[in-house]
Amino acid sequence: MRAIKKTMTLHNGVKIPLIGFGTWQISENEVEDAVLEAIKVGYRHIDTAHSYGNEKGVGRAIKKSGIPREQLFITTKLPSHIKTYDEAKVYLKESFENLDVDYIDLILIHAPWPWSDVGRNCDEGNKEVWRHFEELYEQGLVKSIGVSNFSVHDLENIMQDSQVVPHVNQIAFHIGHVKSDVVEFCNEHDILIQAYSPLATGRLLNHQTLKDMADKYNVTVAQLAIRYCIEKDTLPLPKSVTPKYIYENTLVDFKIDESDLKILDEIKL
Ligand SMILES: NC(=O)c1ccc[n+]([C@@H]2O[C@H](COP(=O)([O-])OP(=O)(O)OC[C@H]3O[C@@H](n4cnc5c(N)ncnc54)[C@H](OP(=O)(O)O)[C@@H]3O)[C@@H](O)[C@H]2O)c1
């Protein structure tokens, strides 16, 4: 089976398509076409966020695609500065309205701290927000719940007195950037790692070692980088607005040899 058709299974049994389509930095105007193109070439998993400002366009694309809702997997994220129960309620309600869906497949806390104040301790706020996530999960309005950019400390904090272990931690993960302590912790607790910026937001594309290795496999650097994430049991979320690339990024049905994986593991950006 092609990778684009494959799924992984979250620890609650929910199936999640192995490759997700990223939509960060795609404007509200552009996103509808990009998502429709992605769905046309086989993606069934779309990653957006309240703070990307494009949820409405994603929602329109879902409807226009004609694909039954249950065959699509939609993720959105609660903005990183929202750290109270009441505000979480307001913002997530807005995400439901923007996307215009009855349920969301996965919601994430976008980051453990506001992007404007990276590293601030928001332990209590994260627990409070998680309580609302658990309620929505119990009500069946969301099929799975998770976090993003969480360290081991941040994960332990919300897991301390919660009912549900996060299903997902979405983190920056690509060749040259692998945080082994978080990956190890997530593997131990069956928390799926979603690999965001699998192409390092484009920075990997001109790396000479990667170009040489991609040539050897007769693939592009983008395909090599996406396949690397899959070989590492993470779920890549490549983004593109270019139809040629959107399709290219689905063609990742090859294996990277162990010896080459070792070389890729050692790459420093
Ligand atoms: N949770 C978080 O905090 C967080 C943070 C960052 C990202 N994310 C998620 O992860 C997704 C992906 O990360 P990202 O947006 O940083 O970027 P990325 O997927 O690592 O790279 C995207 C860049 O690579 C280009 N590109 C894509 N495919 C290509 C190909 N086959 N050949 C040549 N160039 C190609 C794109 O160009 P064009 O678009 O011009 O075609 C774009 O400039 C995001 O969209 C978002 O959904 C989440």
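At q = 0.12, 0.20 Å⁻¹, what is the log10 ratio I(q)/I(0) for region 202-267, with the Debye formula run over Cα points and no solvent?
-0.27, -0.78
What are the extents of the Cα atoms of region 147-269 along their three principal axes, listed from largest to smallest and rounded to whole Å?
50, 32, 23
Within the accessible area of region 1-105, what % is carbon and sulfur when the probe is 1.4 Å and the other protein chains stay in place?
50 percent
With a 10 Å radius around each residue's Cβ, average the other Cβ atoms per peptide and rank 5-12, 36-43, 18-25, highest first.
Result, highest mean first: 18-25, 36-43, 5-12.
Which value in nm describes the separation of the simple spin-label points at HIS11 and LYS40, placed 7 Å from the Cα toward the beta carbon?
Placing both labels 7 Å along Cα→Cβ, they lie 4.0 nm apart.
Just how many % of Cα pairs in the chain lie over 29 Å apart, if you round to the nearest whole percent?
For the chain, the share of Cα pairs beyond 29 Å comes to 28 percent.
What's the local net charge at LYS5, with K and R +1, D and E -1, over the other residues with C-beta under 14 Å away?
Around LYS5, the charge tally is +3.
Whole number in Å², please: accessible area per residue of the chain, 1.4 Å probe, ligands, DNA and RNA not counted. Walk me through the numbers before you get to the answer.
Numbers: 12100 Å² over 269 residues.
That works out to 45 Å² per residue.
Please enumerate, by chain and number, the aspartates and glutamates with C-alpha under 12 Å from the C-alpha of LYS143, excluding those fewer than 8 residues away in the same chain.
Partners within reach: GLU70, ASP102, ASP105, GLU134, GLU135.
Using r as the Cβ-Cβ distance of GLU135 and TRP115, and R0 as 22 Å, what FRET efficiency do you calculate, to the nearest 0.05?
Computed FRET efficiency for GLU135 and TRP115 comes out at 0.30.
I'd like the accessible area for TRP113, computed on protein heavy atoms only with a 1.4 Å probe and all protein chains in place. Round to 10 Å², please.
40 Å²
If you only keep lysine pairs separated by 8 or more in sequence, or across chains, how many in region 30-113 come under 18 Å at the Cα atoms?
8
Over what distance in Å are the Cα centres of region 78-121 and region 164-212 separated?
Each part's Cα centre sits 22 Å from the other's.
Long-range amide H contacts for ILE104: which residues qualify at under 5 Å (H placed 1.01 Å from N, peptide plane, sequence gap of 5 or more or a different chain)?
VAL142, LYS143
Three principal axis extents, largest first, for the C-alpha atoms of region 97-168, in Å?
Between the extreme Cα coordinates on each principal axis of region 97-168 lie 34, 27, 18 Å.
How would you rank 243-251, 260-268, highest first, on the average number of other Cβ atoms within 10 Å across their residues?
For the peptides 243-251, 260-268, the packing ranking is 243-251, 260-268.
For region 1-90, treating each Cα as an identical point scatterer without solvent, what Debye log10 I(q)/I(0) comes out at q = 0.19 1/Å?
For region 1-90, the Cα-only Debye profile gives -0.91.
So which lysines pass the test for LYS268, namely a Cα distance under 24 Å, with those fewer than 8 places away in the same chain ruled out?
Straight-distance partners of LYS268: LYS179, LYS211, LYS216, LYS232, LYS239, LYS255.
In a shell of Cβ-Cβ distance under 12 Å around VAL241, excluding VAL241 itself, what net charge do Lys and Arg (+1) and Asp and Glu (-1) give? Each step should come with its number before you reach the end.
Numbers: positive: LYS239, LYS244; negative: GLU30, GLU32, ASP33, GLU37.
Residues close to VAL241 contribute a combined charge of -2.
The values are calculated or read from the model by the stated rules, or taken from the named source; none is laboratory data. Computed from a prediction, not measured in an experiment: that's the story for all the values here. Counting neighbours? That spans all protein chains shown, and the Cβs are built from the backbone with ideal geometry, glycine included. Areas reflect the complete protein model, heavy atoms only, side chains present, ligands, DNA and RNA absent. Shrake-Rupley method; radii C 1.70, N 1.55, O 1.52, S 1.80 Å.
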